[in-house]
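K.L.:
I am attaching a structure below and will ask some questions about it afterwards.
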Amino acid sequence: MMRFDHVSFGYRPGPPLALQEVSLDIVKGGITAVLGPNGAGKSTLLFLALAWLQPSCGQILLDGCSLGRYSRREMGRLMGLVPQREHIPFEYSVLEYVLLGRLPYLAPLEQPGEKDYAASLAALEQVGLSQFANRSVLRLSGGERQLVLIARSLAQQPRLLLLDEPTSHLDLHNKSRLVALLKQLQAQGVTMVMTTHEPELASALASAVVLMNEGRVLFCGPTDEALTTEHMSLLYRLPVEVVTVARRRIVLW
Amino acid sequence: MISPKITAVSIMLCLAPLLVRCRPAPPETTSGASSDRTPVSVQTPQPPSSSDPAFLQSTGDGVVVDALGRRLRFREPPRRIVLPGKAVFITADAIHMFPGAGKRIVAAGKADQGAASFISLIDPDIAAKAILTEGSGPEQIAGFRPDLVILKSYLARSLGNPIETLGIPVLYVDFETPDQYFRDLQTLGQLLGQRERAAELIDYYRGSIRRVQRNLQGLEEKQKRRVLLLYYSDKDGNVAFAVPPVSWIQTKMTDTAGGIAVWKDANPGQGWATVTLEQILAWDPDAVFLISYWRNPQDVVRGLQSDPTWNQLRAMKTRRVYAFAGDLYSWDQPSPRWILGLIWMAKKLYPERFADVDIMAVAEDFYRVAYGLDSSFFKEKIRKTFKGDLP
Amino acid sequence: MVSRDTQVVARGIWDTRRRRMLAVLGIGLAVLFLFSLLVGRYPTLRMLTGGQIFSDELSQSLILNLRLPRALAAALLGMSLAAAGMVFQTIFTNPLVEPGFLGVSQGAAFGAAVCIVCFGSAGWLVQGAAALFAFVGLGASYLLARNIRYGGWVLRLVMAGIAVSALFSAGLGILKYVADPLRQLPEITFWLLGGLAGITWPRALAILPLVVLGLGVMLAMRWRLNPLSLPAETAFSLGVAVRRERLLLLVAAVVPTAAVISVAGMVGWVGLIVPHIARRVFGADTRYALPAALLMGGLFTLFCDDLARMLLAGEIPLGIITSLVGAVTFLILMMQKGISVQRGESR
């Protein structure tokens with residue numbers, strides 16, 4: 001669905017580049033986890049996929065067309081971003097917040113209408129937060145807020161969902177809730193790219209894994225092939241052991 | 001959760017008219033029945049010009065050109081004049097120099113400066129007239145149904161324009177420099193239909209100035225005394241001394257009196273500028289004139305005489321620190337008495353050249369010429385208000 | 001699990017309630033406007049009755065030529081400042097800012113004063129200069145805030161704004177000191193404390209086009225203002241042209257603010273307090289909160305201006321009344337629930 005073709009990017013001119021000669025394929029309908037240590041360039045990759053950043057070399061193709069060819073509104077309908085954490089400055093209600101996801105479907109001066117509210121409510125139902133529709137976002141717990149962010153992206157009715165470390169602040173309960181939701185979305189045909197630094201999450205969820213370190217792709221392929229002892233030790237520069245427990249890969253350090 | 005706030009706002013809005021209605025009626029009163037306003041047309045009001053003062057030309061009966069160069073036409077002299085603003089005595093006393101003009105004023109702002117106001121002494125109808133509170137707006141002024149409002153030109157934007165939009169004509173005066181004084185006297189003369197009287201007054205002033213200049217004839221530059229004019233204020237307990245701007249009448253008076261105004265570079269602004277004692281000592285003037293409007297200037301000077309730092313001043317040591325003369329108003333200001341201030345200053349600076357000039361006689365003569373006041377009035381009412389270094 | 005229908009109904013009720021409240025505000029403004037026309041100090045403090053108005057030509061002139069432009073200017077002033085405050089608070093995600101805190105008001109006053117001193121009082125030129133310097137003030141505050149190395153975003157922006165405001169105020173003071181007070185500039189107290197005493201029709205009409213334009217743009221984009229409070233990349237992901245829309249809204253906020261300040265001087269607190277109250281009553285969604293702030297701002301300023309000209313015999317500078325009422329309201333708000341200033345991350 002999306003392909004990176006020898007993409008390089010630097011926040012500042014000259015070395016070191018944030019991303020160096022990255023080439024990878026995002027398969028439609030799958031969940032791709034981008035795994036790597038802090039500072040590996042995972043978020044940069046995501047922002048390039050979003051077209052928020054422009055590559056200095058190479059190109060990114062979405063469904064065969066260069067990303068630059070799409071208009072912003074088209075991209076808003078195709079792709080959604082679920083940021084890692086969002087600072088919410090004002091006391092919006094959950095529904096109002098999710099409604100913002102309907103932006104790509106509205107003309108410049110158009111106000112949201114029935115259809116938009118229906119889509120937002122549907123998104124809320126999907127993440128299981130319908131009962132909070134009129135509650136203030138600030139009164140939700142961290143996990144619930146993450147779900148609201150996902151609901152907002154779902155209101156965009158995207159085909160590709162970009163998630164930036166979605167579970168890094170969640171406790172076990174919420175983490176499993178999120179995993180179940182993402183699996184559900186996958187069943188509905190949404191392609192997902194997710195950055196994470198937790199190998200266990202990749203193992204639980206992803207169909208393909210991209211291993212990144214210092215701006216380079218170390219490996220790109222199916223989960224089982226990616227999460228091996230050699231790869232993990234190389235990635236984290238630490239002797240680790242990968243074991244399989246109940247069909248899940250666990251990294252022991 | 002929401003409705004209490006809406007209720008509170010609504011209550012506030014409903015209470016507002018009640019609050020407004022419950023205010024006690026202000027002390028000002030409207031005098032007399034409203035009369036028809038004298039029909040007036042204002043021709044082509046021009047935007048304020050910042051360069052030369054307007055020269056008066058009477059191009060026909062009833063056309064008056066004011067300080068901002070605007071032409072107003074009157075069919076007859078106005079009968080209900082209102083004088084708002086501050087330091088109203090400057091304008092009011094000038095108007096009263098025209099016989100019978102005082103009757104035409106129906107309301108004026110505060111006209112006293114610490115003591116009684118002059119017009120309350122000479123105007124028999126003063127009790128029936130209203131005193132405008134400071135900062136009165138166009139609505140209150142309109143309440144007096146004036147057919148003319150006379151304002152200082154700096155009030156054009158804030159007060160003059162709104163008054164004019166109500167159809168009430170406005171005449172602007174300046175009365176800040178001697179040239180403006182003569183021009184504005186002529187304007188008043190035009191306005192009141194007393195052009196000859198205006199000419200008479202201007203002749204009096206010019207004549208007095210000529211006499212001073214005659215007495216100063218032959219005075220060379222190096223013989224001129226270095227003069228410092230200081231305005232004393234102790235507002236809020238802070239004692240400060242300030243010098244006037246170059247454009248004001250005080251500086252011009254100093255020049256005409258044959259003095260060298262040492263502060264000319266010190267005040268680029270347009271109002272009183274505070275100076276430090278250090279600067280005063282640096283100037284080392286030959287003579288210092290101390291102006292004080294609210295506190296008796298002689299008290300101030302006496303206070304300075306006991307101050308050790310001030311005693312370092314050469315002018316203090318040579319006893320040439322003078323308390324500026326005045327009666328009801330200090331003679332340095334652009335009220336009609338400025339001519340007395342000029343003569344008094346010249347005499348103080350060059351007593352040998354003005355030995356023949358008797359200030360008391362000059363003052364008495366002034367009040368006779370300007371206001372038709374006789375000798376007994378002068379001695380009873382005016383003489384006792386004299387302040388400053390006067391005999 | 002609450003049924004969808006119930007959700008829709010609940011949401012519908014809230015929307016209807018808000019629309020109704022907006023209508024109430026609109027009617028309130030109209031009523032206050034009428035009140036302002038009829039009540040004044042002519043010749044004593046009272047309300048003019050119909051009969052009086054018909055018989056007295058001066059009353060008619062008073063209402064049409066003095067009170068009407070003044071009330072209009074007051075309403076426009078309040079609307080512009082409140083709407084601008086709402087836009088600034090949303091875009092900068094900072095509930096403590098208003099035009100006066102970001103160097104906008106002071107820049108506008110300085111620009112207007114410079115123009116009057118150098119070029120005379122041509123209406124359009126003065127407004128243009130005011131708008132130009134207002135932008136300079138805003139830009140300087142923003143850039144300065146980006147470079148300060150102390151405190152969170154909220155604090156940095158306010159500090160930078162205060163510094164820039166102080167610079168422009170000082171510049172204004174110097175201008176006033178040096179310029180000719182008899183001919184060119186109104187007194188410094190007019191600029192610093194604001195006042196609508198000298199408003200006549202020419203001045204009121206001069207600001208009308210720019211104000212209507214700016215308010216119109218802000219109202220048209222009232223819902224799109226919401227996503228501009230999100231981080232830039234998130235807004236981008238939602239299909240928003242972030243820089244362009246932010247700039248457009250800032251221009252639409254600054255231009256009417258500068259225009260009204262050039263005729264009314266600096267009036268503070270309206271842009272800070274009114275958006276807060278609007279958000280509290282109408283919720284954070286600017287779709288309703290912005291028009292609410294607009295109407296409330298008009299009401300607030302009109303009310304304060306009525307007090308300014310009627311409370312005492314003399315004219316009280318408008319800024320003093322708005323500061324008094326605004327500060328008291330602010331205190332009450334703060335003590336009520338504790339103002340929820342979200343701890344901001346650095347941007």
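K.L.:
Any residue that is in contact with a Ser or Thr (Cβ under 8 Å, 6 or more places away or on another chain), hydroxyl-bearing (S, T, Y), in the same structural domain as B:S335 (by TED's automatic domain parsing) and surrounded by fewer than 18 Cβ atoms within 10 Å (Cβ to Cβ) - is there at least one of those in region B:258-274?
P.N.:
For region B:258-274, residues in contact with a Ser or Thr (Cβ under 8 Å, 6 or more places away or on another chain), hydroxyl-bearing (S, T, Y), in the same structural domain as B:S335 (by TED's automatic domain parsing) and surrounded by fewer than 18 Cβ atoms within 10 Å (Cβ to Cβ): absent.
K.L.:
Something else about it: Of the conditions (1) within 13 Å of chain C (Cβ to nearest Cβ); (2) surrounded by fewer than 19 Cβ atoms within 10 Å (Cβ to Cβ); (3) not hydrophobic (A, V, I, L, M, F, W, C), B:G193 clears all except one; give me its number.
P.N.:
Going through (1) within 13 Å of chain C (Cβ to nearest Cβ); (2) surrounded by fewer than 19 Cβ atoms within 10 Å (Cβ to Cβ); (3) not hydrophobic (A, V, I, L, M, F, W, C) one by one, B:G193 breaks only (1).
K.L.:
Just to be sure I understand, how many residues within region C:106-156 are assigned to a loop (DSSP other than H, G, I, E, B), away from chain B (no Cβ under 14 Å) and closer than 22 Å to C:L192 by Cβ?
P.N.:
Selection size over region C:106-156: 0.
K.L.:
A follow-up question, please. Can you name the residue in region B:335-391 that is surrounded by fewer than 18 Cβ atoms within 10 Å (Cβ to Cβ) and hydroxyl-bearing (S, T, Y) and, of all such residues, is farthest from B:I260 (Cα to Cα)?
P.N.:
Taking the candidates together, the pick is B:S376.
K.L.:
Also, I was wondering about something else. Could you figure out which of (1) more than 10 Å from every other protein chain (Cβ to nearest Cβ); (2) under 30 Å from A:P37 (Cα atoms); (3) not polar (S, T, N, Q) isn't true of A:Y70?
P.N.:
In the conditions (1) more than 10 Å from every other protein chain (Cβ to nearest Cβ); (2) under 30 Å from A:P37 (Cα atoms); (3) not polar (S, T, N, Q), A:Y70 misses (2) alone.
Let's see how each residue does on (1) polar (S, T, N, Q); (2) touching a helix residue (DSSP H, G or I) at 6+ places or on another chain (Cβ under 6 Å):
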site: A:S120; (1), (2): yes, yes
site: A:V127; (1), (2): no, yes
site: A:L140; (1), (2): no, no
site: A:L154; (1), (2): no, yes
site: A:L162; (1), (2): no, yes
site: A:H169; (1), (2): no, yes
site: A:S176; (1), (2): yes, no
site: A:Q188; (1), (2): yes, no
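K.L.:
Can you tell me how many residues in region C:22-51 are more than 17 Å from C:A292 (Cα to Cα) and loosely packed, with under 14 Cβ neighbours inside 10 Å?
P.N.:
The qualifying residues number 5.
K.L.:
If A:M194 passes every condition in (1) surrounded by 19 or more Cβ atoms within 10 Å (Cβ to Cβ); (2) at pLDDT below 90 but one, which one does it miss?
P.N.:
(2)
K.L.:
Shifting gears a bit: Given the criterion touching a residue at least 40 places away in the same chain (Cβ under 8 Å), within 10 Å of chain C (Cβ to nearest Cβ) and either in a helix (DSSP H, G or I) or within 14 Å of C:P227 (Cα to Cα) (or both), identify the matching residue among A:E125, A:E91.
P.N.:
A:E91
K.L.:
If I ask for residues that are touching a Leu at 6+ places or on another chain (Cβ under 9 Å) and at pLDDT 85 or above, which ones from region B:257-283 would you list?
P.N.:
B:A257, B:G258, B:G259, B:A261, B:V262, B:W263, B:V275, B:L277, B:I280, B:L281, B:W283
K.L.:
For region B:146-173, name all the residues that are in a loop (DSSP other than H, G, I, E, B) and either among the aliphatic types (A, V, I, L, M) or facing another protein chain (nearest Cβ under 7 Å) (or both).
P.N.:
B:L166, B:G167, B:I168
K.L.:
Would you mind finding the one in B:L148, B:L155 that is modelled with pLDDT under 85 and not hydroxyl-bearing (S, T, Y)?
P.N.:
Within the list B:L148, B:L155, the selection yields B:L155.
K.L.:
Hey, another quick one. Could you tell me whether B:I95 is outside any loop (DSSP other than H, G, I, E, B), modelled with pLDDT of 85 or more and under 19 Å from the mean Cα position of the chain (by Cα)?
P.N.:
yes
K.L.:
Looking at region C:58-72, is at least one residue touching a residue at least 24 places away in the same chain (Cβ under 8 Å), part of a helix (DSSP H, G or I), away from chain B (no Cβ under 12 Å) and out of contact with any strand residue (DSSP E or B) (no Cβ under 6 Å at 6 or more places or on another chain)? Don't jump to the end; show me each part of the working.
P.N.:
If we filter region C:58-72 for residues that are touching a residue at least 24 places away in the same chain (Cβ under 8 Å), which is where we start, we get C:63, C:65-72.
This time we only want the ones that are part of a helix (DSSP H, G or I), so: C:63, C:65-72.
Of the ones still in play, those that are also away from chain B (no Cβ under 12 Å) are C:71-72.
Applying the additional criterion that residues be out of contact with any strand residue (DSSP E or B) (no Cβ under 6 Å at 6 or more places or on another chain) yields C:71-72.
Yes: one or more hits.
K.L.:
So in region A:10-47, with the set limited to residues that are outside any loop (DSSP other than H, G, I, E, B) and small (G, A, S), which one is modelled with the highest pLDDT?
P.N.:
Top of the filtered list is A:A33.
K.L.:
Something else about it: Would you be able to tell me the number of residues in region B:106-145 that are part of a helix (DSSP H, G or I), in contact (Cβ under 8 Å) with a residue 12 or more places away in the chain and either touching a Leu at 6+ places or on another chain (Cβ under 9 Å) or over 30 Å from B:K379 (Cβ atoms) (or both)?
P.N.:
The total comes to 8.
K.L.:
Any residue that is among the aliphatic types (A, V, I, L, M), surrounded by fewer than 24 Cβ atoms within 10 Å (Cβ to Cβ), closer than 25 Å to C:T200 by Cα and more than 15 Å from the chain's Cα centre (by Cα) - is there at least one of those in region C:291-307?
P.N.:
Yes, region C:291-307 contains at least one residue that is among the aliphatic types (A, V, I, L, M), surrounded by fewer than 24 Cβ atoms within 10 Å (Cβ to Cβ), closer than 25 Å to C:T200 by Cα and more than 15 Å from the chain's Cα centre (by Cα).
K.L.:
What is the number of the single condition among (1) surrounded by fewer than 22 Cβ atoms within 10 Å (Cβ to Cβ); (2) within 20 Å of the chain's Cα centre (by Cα) that C:C118 does not meet?
P.N.:
(2)
K.L.:
Could I ask something else about it? List the strands (runs of 3 or more DSSP E) inside region B:214-264, counting only whole elements, that have at least 3 residues being in contact with a strand residue (DSSP E or B) (Cβ under 9 Å, 6 or more places away or on another chain) and hydroxyl-bearing (S, T, Y).
P.N.:
B:225-233
K.L.:
Hey, could you check region A:73-85 for residues that are of a type in the set (D, E, K, R) and either more than 7 Å from chain C (Cβ to nearest Cβ) or within 14 Å of the chain's Cα centre (by Cα) (or both) and say which is surrounded by the most Cβ atoms within 10 Å (Cβ to Cβ)? Let's see the steps before the verdict.
P.N.:
Step one: filter region A:73-85 for residues of a type in the set (D, E, K, R), giving A:73-74, A:77, A:85.
Restricting the remaining residues to those that are either more than 7 Å from chain C (Cβ to nearest Cβ) or within 14 Å of the chain's Cα centre (by Cα) (or both) gives A:74, A:77, A:85.
Working: A:E74: 13, A:R77: 18, A:R85: 15.
Restricting to residues being of a type in the set (D, E, K, R) and either more than 7 Å from chain C (Cβ to nearest Cβ) or within 14 Å of the chain's Cα centre (by Cα) (or both), the top hit is A:R77.
K.L.:
Checking C:V87 against (1) among the β-branched types (V, I, T); (2) within 14 Å of chain A (Cβ to nearest Cβ); (3) surrounded by fewer than 24 Cβ atoms within 10 Å (Cβ to Cβ): exactly one of these is not met. Which one?
P.N.:
For C:V87, the exception is condition (3).
The values are calculated or read from the model by the stated rules, or taken from the named source; none is laboratory data. None of these values were measured; they are calculated from a predicted model. All Cβ positions, even for glycine, are placed from backbone atoms using ideal geometry, and neighbour counts span all protein chains on display.
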